[in-house]
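**Q** Below is one structure. I have some questions about it.
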Amino acid sequence: MEKTSGADKYNIETAEILANEAQHLPVAEATPIYEQLLLLFPTAAKFWRQYVEAYMATNNDDATKQIFSRCLLHCLQIPLWRCYIRFIRKVNDKKGMEGQEETRKAFDFMLNCVGADIASGPVWMEYIAFLKSLPAINGQEESHRMTNVRKVYQKAIVTPTHHIEQLWKDYENFENSVSRQLAKGLISEYQPKYNSARAVYRERKKYVDEIDWNMLAVPPSGSYKEEMQWIAWKRLLSFEKGNPQRIDTASSNKRIIFTYEQCLMYMYHYPDIWYDYATWHAKGGSIDAAIKVFQRALKALPDSEMLRYACAELEESRGAIQAAKKIYESLLGDGVNATSLSHIQFMRFLRRTEGVEAARKYFLDARKSPSCTYHVYVAYATMAFCLDKDPKMAHNVFEAGLKRFMHEPVYILEYADFLIRMNDDQNIRALFERALSSLPPEESVEVWKKFTQFEQTYGDLASMLKVEQRRKEALSGAEDGTALESSLQDIVSRYSFMDLWPCSSNDLDHLARQEWLTKNINKKVEKCILANGTILIDKTSMTNISTTSPKIVYPDTSKMVIYDPKHTPGAGAGTNAFDEILKATPPALVAFLANLPAVEGPTPNVDIVLSICLQSDLPTGQSAKTGISTQVQTGKVGIPSQLPGGYAPATSELSGSSKSHPVPSGVSLKPGSNRQYGKRKESDKQEDDDTTTVQSQPLPRDAFRIRQYQKARASSASQTGSVSYGSAFSGDLSGSTG
């Protein structure tokens with residue numbers, strides 16, 4: 001108990017532990033624990049069920065009824081309601097006909113409240129079994145009983161529940177047992193309705209399965225689980241609002257209300273759910289129902305100003321002025337702890353509903369409140385100027401506020417805006433002079449900026465230059481003398497208008513950079529030589545940059561390293577290895593690499609790209625005389641008649657045989673200096689450009705790629721239809737031109 005009353009009173013683990021402990025205690029000792037838990041979790045159906053079952057076990061019917069009356073209507077959970085019907089049947093079991101009627105009414109009440117639940121199938125079945133068990137003295141009573149059973153069946157089979165298919169089978173059996181002739185017509189009538197309900201059940205189940213039905217209602221903490229549950233409930237609500245079963249409006253609205261009520265069992269502390277529920281009622285024309293939802297919401301979240309304003313707005317919109325006024329007064333409380341916002345909103349409400357005089361009287365009272373800030377003065381002055389068309393009153397209010405809030409730069413700026421709209425340039429300059437004489441330099445930046453803008457817009461050149469110079473002198477306290485010098489930025493400031501500039505965006509960036517360099521011109525600059533050139537890094541300014549602009553966090557560029565995708569954290573030798581590679585690379589290749597454009601994105605696997613190219617059907621060149629590929633004629637294929645070292649693999653060895661011999665490592669597969677290659681060298685030079693095919697690619701170094709190479713050659717040769725070959729690597733021509 002002490003744990004739950006601490007700072008983290010909504011601790012779920014603690015609540016579960018206390019609930020388990022209470023189950024093993026006598027009901028008298030468990031009652032305070034349950035009351036404390038339900039005070040924190042008023043919609044926790046499982047705690048209510050434990051609580052009520054503790055009293056049912058002691059046969060304390062009065063206490064049990066009292067507990068049910070407190071929880072049933074706002075805890076629409078099937079296990080709790082089945083506990084209720086079990087209690088009702090137990091109480092009325094020995095009361096004869098009267099007790100049976102009371103039980104029947106209890107079943108009707110329960111199904112009216114939770115019959116739309118996807119888990120309500122067992123409840124429908126239990127009710128039907130109860131009706132079938134009722135005695136019938138004569139034929140009329142039997143007929144009446146069968147009619148009641150039929151009505152319940154027909155409601156159950158159009159309700160999307162987990163047991164809808166079983167209920168349909170039971171209904172078919174029931175109708176056939178009563179009258180096969182009548183059953184045929186009824187079943188054919190309800191078959192489409194049942195099919196629709198079954199289809200909706202399958203769709204609804206997808207949304208319901210995402211919901212955690214054991215979750216306790218706690219204030220939102222922003223956890224991932226809570227957000228996922230919020231999304232799941234939003235999806236289910238959206239699904240139900242779409243009326244997927246295409247039922248009548250009244251039934252659809254009832255189902256939506258049921259879904260909202262279930263949602264609030266778990267989203268009890270979410271003001272947006274309460275607001276959505278109330279506005280849904282209001283849009284449907286049920287203003288009274290919307291007001292009741294807001295009233296429940298304010299009991300659940302008494303500190304929510306948003307919901308109070310929303311409720312007051314709804315009351316005002318329907319003409320209930322006094323009810324709305326009470327809500328505004330509840331926000332004000334005793335007036336001592338009222339916020340400035342509540343003063344302003346109540347003042348506006350009075351202006352709308354009771355007129356100018358009522359708002360003025362309240363302002364005179366509100367300004368005496370210790371919680372009154374300059375916002376109240378600005379709000380009332382603006383109201384008097386814009387709504388009441390009384391500039392004199394507005395001016396007096398601003399002047400009265402200036403005596404209290406001369407130290408507030410925002411108030412000075414609001415007052416200046418008002419005087420600008422009044423075209424009172426004389427008082428504007430006087431206001432700036434009074435304010436700047438009392439404000440410390442660090443708080444006068446925005447006022448100086450406004451003063452400068454005013455002179456640049458409405459003053460002459462002399463006054464403009466004078467104010468700019470005064471501003472530099474006033475704000476140059478912590479800066480060096482360069483801040484007092486004129487710069488091109490001053491020209492840009494004077495001769496720009498709204499989003500129109502006397503220079504390009506690149507010029508603006510350049511000027512901003514120069515301004516920063518000017519401020520740091522005397523600081524130590526260290527040179528850092530990188531592979532791609534010389535970069536100046538100002539370590540002092542980087543480490544102390546936060547003192548220049550407290551609102552912006554700059555990275556320490558002095559600790560940045562060149563990005564290397566293969567570089568792993570902690571591997572210090574990566575950069576050195578890269579430098580070694582660069583040193584071993586020929587200068588011509590280094591120059592070529594330096595001219596390549598920078599590429600961002602994934603790096604392709606070169607081996608895979610080559611493999612795909614080798615397997616592709618590329619166009620092949622042909623000899624003008626014989627039609628045989630020029631590469632084969634001239635020997636430019638790049639394949640010697642015999643591999644170095646005397647090793648010449650056969651075709652079977654290169655076509656996937658399990659006994660294929662690997663190519664010895666280190667063996668060069670470039671063409672040798674044989675006679676055939678030498679004789680045809682001149683012919684190669686002439687026809688090289690227009691006859692290059694996949695067969696002219698360098699020979700791969702492993703067995704797999706050799707096989708791919710062979711397949712590519714075979715495919716290319718088959719397309720030309722002019723020649724066929726034996727071993728791709730023996731150099732022997734096994735076919736002839738055809």
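**Q** Considering region 439-453 alone, what residues qualify as being in a helix (DSSP H, G or I) and either of a type in the set (Ser, Thr, Tyr) or modelled with pLDDT of 90 or more (or both)?
**A** GLU443, VAL445, GLU446, VAL447, TRP448, LYS449, LYS450, PHE451, THR452, GLN453
**Q** I've got another one for you. Do the conditions hold for TYR415, that is, is it over 26 Å from ASN337 (Cα atoms), among the aromatic types (Phe, Trp, Tyr), in contact with a helix residue (DSSP H, G or I) (Cβ under 9 Å, 6 or more places away or on another chain) and at pLDDT 95 or above?
**A** Answer is yes for this residue.
**Q** A further question on this structure: With the structure loaded, tell me whether LYS225 is touching a residue at least 12 places away in the same chain (Cβ under 8 Å) and either charged (D, E, K, R) or more than 15 Å from TYR268 (Cα to Cα) (or both) or whether it fails that test.
**A** Yes.
**Q** Which pairs do you get when a residue that is free of Cβ contacts under 8 Å to residues at least 12 places away in the same chain, found in region 408-428, comes within reach of a residue that is open to solvent by less than 50 Å² (accessible area, probe 1.4 Å) and in a helix (DSSP H, G or I), reach meaning Cβ atoms under 6 angstrom, with the pair 6+ apart or on two chains?
**A** ASN427/LEU419
**Q** Related question: When the residues of region 208-226 are filtered to those that are charged (D, E, K, R) and open to solvent by 90 Å² or more (accessible area, probe 1.4 Å), which remaining residue is farthest from LEU76 (Cα to Cα)?
**A** LYS225
**Q** May I ask you to list pairs of residues, at least six apart or on different chains, whose Cβ atoms are under 7 Å apart, with the first in region 440-458 being open to solvent by 90 Å² or more (accessible area, probe 1.4 Å) and the second being in a helix (DSSP H, G or I) and of a type outside the set (S, T, N, Q)?
**A** Here the result reads GLU446/PRO409; GLU446/LEU413; TYR458/ASP425, each pair linking region 440-458 to a residue that is in a helix (DSSP H, G or I) and of a type outside the set (S, T, N, Q).
**Q** Any chance region 389-396 includes a residue that's touching a Ser or Thr at 6+ places or on another chain (Cβ under 8 Å), within 26 Å of TYR309 (Cβ to Cβ), in a helix (DSSP H, G or I) and not basic (Lys, Arg)?
**A** yes
**Q** Now for a separate question. Report the residue count in region 361-385 for those that are assigned to a helix (DSSP H, G or I), open to solvent by 40 Å² or more (accessible area, probe 1.4 Å) and within 20 Å of LEU431 (Cβ to Cβ).
**A** 3
**Q** Follow-up question, since we're still on this one. Kindly evaluate VAL356 against the criterion of being open to solvent by 20 Å² or more (accessible area, probe 1.4 Å), of a type in the set (Val, Ile, Thr), under 15 Å from ALA394 (Cβ atoms) and more than 36 Å from the chain's Cα centre (by Cα).
**A** Yes: the conditions hold for VAL356.
**Q** Only one of (1) in a helix (DSSP H, G or I); (2) under 28 Å from TRP213 (Cα atoms); (3) of a type in the set (Asp, Glu) fails for ASP117. Which number is that?
**A** With (1) in a helix (DSSP H, G or I); (2) under 28 Å from TRP213 (Cα atoms); (3) of a type in the set (Asp, Glu) applied to ASP117, the lone miss is (1).
**Q** Okay, moving on. Which residue out of GLU35, GLU102, GLU98 is in contact (Cβ under 8 Å) with a residue 12 or more places away in the chain, open to solvent by 40 Å² or more (accessible area, probe 1.4 Å) and assigned to a helix (DSSP H, G or I)?
**A** Testing whether each residue is in contact (Cβ under 8 Å) with a residue 12 or more places away in the chain, open to solvent by 40 Å² or more (accessible area, probe 1.4 Å) and assigned to a helix (DSSP H, G or I) leaves just GLU102.
**Q** With respect to ALA435, determine if the residue is at pLDDT below 90, open to solvent by less than 80 Å² (accessible area, probe 1.4 Å) and touching a Pro at 6+ places or on another chain (Cβ under 9 Å).
**A** It is false that ALA435 is at pLDDT below 90, open to solvent by less than 80 Å² (accessible area, probe 1.4 Å) and touching a Pro at 6+ places or on another chain (Cβ under 9 Å).
**Q** Select, from ASN138, ASN112, ASN173, the only residue that is open to solvent by 40 Å² or more (accessible area, probe 1.4 Å) and within 18 Å of ILE85 (Cα to Cα).
**A** Among ASN138, ASN112, ASN173, only ASN112 is open to solvent by 40 Å² or more (accessible area, probe 1.4 Å) and within 18 Å of ILE85 (Cα to Cα).
**Q** What tally of residues in region 417-438 results from selecting those that are within 44 Å of the chain's Cα centre (by Cα) and in a loop (DSSP other than H, G, I, E, B)?
**A** Result for region 417-438: 0.
**Q** Here's a follow-up. Kindly list the number of the only condition in (1) under 28 Å from ILE118 (Cβ atoms); (2) at pLDDT below 95 that fails for ALA28.
**A** Just one mismatch for ALA28, condition (1).
**Q** In addition: Anything in region 401-416 that is part of a helix (DSSP H, G or I) and surrounded by 14 or more Cβ atoms within 10 Å (Cβ to Cβ)? List them, or say none.
**A** Hits for region 401-416 are GLY401, LEU402, ARG404, PRO409, TYR411, ILE412, LEU413, GLU414, TYR415, ALA416.
**Q** Kindly evaluate VAL123 against the criterion of being aliphatic (A, V, I, L, M), assigned to a helix (DSSP H, G or I) and over 18 Å from ALA45 (Cβ atoms).
**A** No: the conditions fail for VAL123.
The values are calculated or read from the model by the stated rules, or taken from the named source; none is laboratory data. In this text the structure is predicted, and so the values were computed from the model without any measurement. Virtual Cβ from ideal backbone geometry, glycine too; neighbours counted across all protein chains shown. The area values use the complete protein model at the heavy-atom level, side chains included, leaving out ligands, DNA and RNA. Shrake-Rupley method; radii C 1.70, N 1.55, O 1.52, S 1.80 Å.
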